[in-house]
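Contents: one structure, followed by commentary.
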Amino acid sequence: QVQLVESGGGLVQPGGSLRLSCAASGFTFSAYAMNWYRQGPGKERELVAVISSGGGFTNYLDSVKGRFTISRDNVKNTLYLQMNSLKADDTAVYYCNVGMDFRHYWGQGTQVTVSS
């Protein structure tokens, strides 16, 4: 019954900001590292950011370093992605993801469109 529900996407101008959320349920959220992926139009799905179970370690796709921040609230069972200085190339469906039991679980995705 793992469930991941993304929200917070929308249309934003280049240089703008958005904060995505992922509400997690059906597993012990605090025990697992979490990930954000994205898939742009006509592109492969790519790993954007990773955060350790306790939030003490993060890592990012090179193209978003310095602009995006992944975080989590283990009390609220929620994962976040703060996206600043957005570019047109950030346009994609963004997915929350967790790996466990030798498989990955995915949310439905939330659309981020960066356009003027």
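Listed values, structure above:
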{"item": "ARG19 being closer than 16 Å to GLY107 by Cβ and either crowded, with 17+ Cβ neighbours inside 10 Å or within 11 Å of the chain's Cα centre (by Cα) (or both)", "result": "yes"}
{"item": "Per-region count, the stretch 35-51, residues in a loop (DSSP other than H, G, I, E, B), open to solvent by 30 Å² or more (accessible area, probe 1.4 Å) and over 15 Å from HIS104 (Cα atoms)", "result": "4"}
{"item": "Number of positions in the stretch 76-116 that are surrounded by 14 or more Cβ atoms within 10 Å (Cβ to Cβ) and within 24 Å of GLY26 (Cβ to Cβ)", "result": "16"}
{"item": "Test: SER63 is modelled with pLDDT of 95 or more, in a helix (DSSP H, G or I) and over 13 Å from ASN97 (Cα atoms)", "result": "yes"}
{"item": "Looking only at the stretch 59-75, and only at residues there that are over 23 Å from VAL2 (Cα atoms) and of a type in the set (Ser, Thr, Tyr), the one that is surrounded by the fewest Cβ atoms within 10 Å (Cβ to Cβ)", "result": "SER63"}
{"item": "Test: residue in the stretch 21-29 that is touching an Asp or Glu at 6+ places or on another chain (Cβ under 6 Å) and either at pLDDT below 95 or closer than 11 Å to THR78 by Cβ (or both)", "result": "yes"}
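The values are calculated or read from the model by the stated rules, or taken from the named source; none is laboratory data. Here the structure is a predicted model, which means the values were calculated and not measured. Quick reminder, even Gly has a Cβ in these numbers, built from the backbone with ideal geometry, and neighbours come from all protein chains shown. Just the protein is used for accessible areas: all its heavy atoms, side chains included, with ligands, DNA and RNA removed. Shrake-Rupley method; radii C 1.70, N 1.55, O 1.52, S 1.80 Å.
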